[in-house]
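Reading through the structure tokens given below for one structure.
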Amino acid sequence: METIKCNLCQGNTQLLYRGRHGEYFICQQCRGVSLAPKYFPTKQAEKARYETHNNDVKDVRYQKFVSPIVNRVLAECSPQDKGLDFGCGTGPVIRYLLTQKGYCLEQYDPFFWDDPEVLNHTYDYIVCCEVIEHFHQPYKEFSRLYSLLNSGGKLYCMTELFREEIKFENWSYQDDFTHVFFYHPETIKWIQKEYGFAHSEIQGRLIILEN
């Protein structure tokens, strides 16, 4: 049976599910779930999909959706801290809400806000809302995010974690063809250890990694 190496940790995997978007493999080391790279969407297909998202920064429902990140930043960071909205998409709602409170955030997105200069600086906190499941090269991307954090900085991510009790074939989160890597709670522990984060926390969809 064909198998692949984990897209994050390069561990051995076994087939978890074969569906309309391709074959998904679960890692025996970090428990992450990888879509086989041969099924990755093209950049053009990705961008077209993202452009269909109705991300109006003034939409109350959208603001509520990102509130777990916004509320933690407001509680744990100060307006003097330097932030980055990484993968902000077409509607950088987190930046919009935080700047209204006097916070200062840069924004970066490889499709819609591709300013490489932003990545030449370091930050006290980084927010990644519904971003990390899109990483084609998660190891490389987490290396970059870690390098962009100042000492004591925090990385706030939102994604839906995979757990054993979830029936993958019925899981709506895998139904988006741009979602190519899924994280398990054990995957977050692996990332913490691999990159040397001092602390990790999971609160529902919210993941916090502290440098």
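Dipole check for region 69-211: with +1 at the C-beta of Lys and Arg, -1 at the C-beta of Asp and Glu, and the Cα centre as origin, the magnitude is about 360 Debye.
Within the same chain, lysines fewer than 8 places from LYS43 are excluded, and of the rest, those with a Cα less than 20 Å from its Cα are LYS140. Enclosing the Cα atoms of region 94-161 in their convex hull gives a volume equal to 112 cubic angstrom per residue.
Output the antiparallel fraction of DSSP beta bridges having both residues in region 125-211, as a percent to the nearest 5.
Roughly 65 percent of the DSSP beta bridges within region 125-211 come out antiparallel.
Roughly how many whole Å is it from the C-alpha centroid of region 46-97 to that of region 120-178? Taking the Cα centre of region 120-178 as reference, the centre of region 46-97 is 14 Å away.
Whats the longest run of the chain with zero GluC sites (Glu not before Pro) that are DSSP loop and have at most 12 other Cβ atoms within 10 Å?
Counting only loop sites that pass the neighbour cut-off, the longest clear stretch is 52-163.
In terms of the Cα gyration tensor, with a ≥ b ≥ c the square roots of its eigenvalues, is region 48-133 rounded because a/c is under 1.5, prolate because a/b exceeds b/c, or oblate? In terms of gyration-tensor shape, oblate. Bridgeable lysines around LYS101 (alpha carbons under 20 Å apart, same-chain partners fewer than 8 residues away excluded): LYS58, LYS64, LYS82, LYS154. Quick one: Cα centre-to-centre distance for region 183-211 and region 6-26, in angstrom? One Cα centre to the other: 21 Å.
Between the residues LEU98, TYR24, TYR50, the greatest Cα displacement towards the positive end of the dipole of the chain, with unit charges on the Cβ of Lys, Arg, Asp and Glu, is found for TYR24.
No value in this document is a laboratory result; all are computed from the given coordinates. Bear in mind the structure is a predicted one, so any value in this text is a computation, not a measurement. Ideal geometry is used to build each Cβ from the backbone, glycine not excepted, and the neighbour counts take in all protein chains shown.
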